[in-house]
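The values are calculated or read from the model by the stated rules, or taken from the named source; none is laboratory data. The structure displayed is predicted, hence computed values, not measured ones. For the accessible areas, the whole protein counts, side chains as well, though only heavy atoms, and no ligand, DNA or RNA atoms are used. Shrake-Rupley method; radii C 1.70, N 1.55, O 1.52, S 1.80 Å.
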Amino acid sequence: MEKEFDFNNIGKRMPYSTPDGFFDNFENRLMERVNLNVNLNDNLNDNLNGLREAPEHQLERKNVNGNNSKKRRGIIIALRALVAAAACLALFFVVQTKFVKSSHTATDDFASVQLAFNNLSTEDQDFLIEVYEEDDFLTNEE
């Protein structure tokens, strides 16, 4: 039961639909939400201003606690700096050992290639040398 697909039956249909009258009231609904958010923000600012105008004895208590929080912030910042420095040092040592190992393996690789070349027959060695000399990329000849 295969149906043949016909491009002429597709047309220009939109796959999405909106409720009737959605865009008619869209502006009014949007403005209501904006006004609601503005009113909520005004109420929040009024509450914050009320907190800022606290009695003096409450302000003194806040200052005492503020000194402790400043010390705590300083300790946290110092600890974060210490952790960051330790991470940088660890990264440095990891990268350094990676490069040191790679330089040692390069000389070991050359020695193993030299040993393998010496184990080849004379004909194979001559063939490899001939290919090397004819290769423009390896000999940098133009």
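Would you check if residue 116 is of a type in the set (A, V, I, L, M, F, W, C), at pLDDT 80 or above and either part of a helix (DSSP H, G or I) or open to solvent by 90 Å² or more (accessible area, probe 1.4 Å) (or both)? In short, yes. Screening 59, 138, 48 for residues that are modelled with pLDDT under 85, more than 40 Å from the chain's Cα centre (by Cα), part of a helix (DSSP H, G or I) and among the aliphatic types (A, V, I, L, M) leaves exactly one candidate, 59.
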